[in-house]
Amino acid sequence: MNAPNYKTVANHAKDIADTATGYFMGNPIKYNNTADGDIDELLTAFDGAEIDQVDAQNALNMAIYGRAYEYIYAKEGMAELDSTSIDPENTFMVYDDSIERKPLFAVYYYEVKDDTKDTTKHQAEVFTENLHYHMVLRSTDSGTTQSEEATPHNLGQIPIIEYRNNHFAIGDYEQQISLIDAYNSLMGNRVNDKEQAVESILVLYGTQLADTPEDAKVAMKILSEEGLLELPGDSARAEFLKNTLDESATEILRTALKEDIYTFSHVPNLTDENFAGNTSGVAMEFKLMGLEMITKTKEANYKRGLRQRIAIFAHYLGMKQIALESHSIVPQFSRGLPKNLLEISQIVNNLEGKVTNRQLISLLPFVEDPDAELEALEEEKKKNMEDMPMFNQDNTKPEDEVEDEESGVLGEEESQSDLPADGQGRKAGRSVR
């Protein structure tokens, strides 16, 4: 009888990568221009290249491989740029040996199979600051060749951008792989133990199943079908022979391994009871402190690559007579967290009159463009005033009332002038006590 050998997989690696990616790039990056002028043309170009999708894939590759690569190219037959995230396993960047580590060129290599000719080619695309080289590294039919002429890509920089997850280009769960393997091994042993309990060996004491091997086979078949065994005498007994795991000790070890996996990755286990209930914003920030620290490192490294992306798009738009100052465009990240709208509304209400309305509106997570929201609010106020003319009347008094008041004032002045003066040259009049 073959012993069961189940290989269970609790995919903590995927959970860590997805959680870190969602927190880092769960919301699209916003871009602000610190100089005069709008950046609508740049944002339109980003939308055409589906940059938000590229950012999400880059963030996932950073979490898995520790680095991500983005390739920017001109669409075939169109005067537009496109962007895609390419496989980090098949891409690398070469830097010089200076302290600045300036990139010299980037290489993306891949395999091409032709089933009709039964041939295989290993090709590479090499990009420098100005040129694109297409190379055949190895081929089953033509050997090693290289294109005779390099093609200019006209993008002004190396069109492959490297994004690093951290200084060491290590993935979010790479250092916890041994713990994940130990957890899966333990869970596999538990499943195998339960399976062995079903297929355990039956041991008989003080008796035998049958007198001959042939009768024993018949008896085992009947025992398997009926599930009933009759033993002679009081001294005979039967039991299953099995190696049973200590469930309590196994559960303690499983819990410890799971806690260590998430603790040392700095990515919280969102299914843990500590995240249950309606947690306040401050309490949530304390629980996510470790994740926030590694995310700030991701953000700083990603901004470095974004500056190169913005410069490439600005250079390409400049060839179309669209001027942009790439250095004045600042990316803005926002964390992918559930928002407590009641808590945010209380903060906005407490800050009213102390900060600008634009800043208050920008705190609301469901408002994407605070400036547009302010304009819409002003338009709504004007429309409401126009719809209610009784509140839009002039406060000036009618002319006849003004004339009556003026005549009354003149009459009082004339009556005062008729009064005799006292000894001090003042008009005498009645005093009111």
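The values are calculated or read from the model by the stated rules, or taken from the named source; none is laboratory data. Bear in mind the structure is a predicted one, so any value in this text is a computation, not a measurement. Positions of Cβ are backbone-derived with ideal geometry, glycine not excepted, and every protein chain shown enters the neighbour counts.
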*Considering region 19-37 alone, what residues qualify as being out of contact with any helix residue (DSSP H, G or I) (no Cβ under 7 Å at 6 or more places or on another chain) and free of Cβ contacts under 8 Å to residues at least 40 places away in the same chain?*
ASP36
_Tally up the residues in region 151-185 that are in a strand (DSSP E or B) and either among the hydrophobic types (A, V, I, L, M, F, W, C) or without any contact (Cβ under 8 Å) to a residue 24 or more places away in the chain (or both), please._
4
*Matching residues in region 300-356 - criterion: being surrounded by 13 or more Cβ atoms within 10 Å (Cβ to Cβ), hydroxyl-bearing (Ser, Thr, Tyr) and closer than 20 Å to ASP52 by Cα*: TYR302, TYR316, SER326
_What's the number of the only condition in (1) free of Cβ contacts under 8 Å to residues at least 60 places away in the same chain; (2) hydrophobic (A, V, I, L, M, F, W, C); (3) more than 24 Å from PHE105 (Cα to Cα); (4) crowded, with 20+ Cβ neighbours inside 10 Å that MET78 fails to meet?_
(4)
*Please verify whether region 82-101 includes one or more residues that are under 21 Å from ILE329 (Cβ atoms), over 19 Å from the mean Cα position of the chain (by Cα) and not polar (S, T, N, Q).*
yes
*Confirm whether THR116 is assigned to a loop (DSSP other than H, G, I, E, B) and more than 30 Å from ALA300 (Cα to Cα).*
yes
*Within the bounds of region 246-256, is there any residue that is at pLDDT below 95, aliphatic (A, V, I, L, M) and in a loop (DSSP other than H, G, I, E, B)?*
no
*Taking the stated definitions as given, is ASP38 under 27 Å from the mean Cα position of the chain (by Cα), acidic (Asp, Glu) and either surrounded by 15 or more Cβ atoms within 10 Å (Cβ to Cβ) or closer than 19 Å to ASN165 by Cβ (or both)?*
no
*Within region 278-292, can one find any residue that is modelled with pLDDT of 90 or more and surrounded by fewer than 12 Cβ atoms within 10 Å (Cβ to Cβ)?*
yes
*Evaluate the following for ARG164: is it surrounded by 19 or more Cβ atoms within 10 Å (Cβ to Cβ) and either modelled with pLDDT under 95 or under 32 Å from the mean Cα position of the chain (by Cα) (or both)?*
yes
*asked:* Among the residues of region 60-76, are any among the β-branched types (Val, Ile, Thr), in contact with a helix residue (DSSP H, G or I) (Cβ under 7 Å, 6 or more places away or on another chain) and outside any strand (DSSP E or B)?
replied: yes
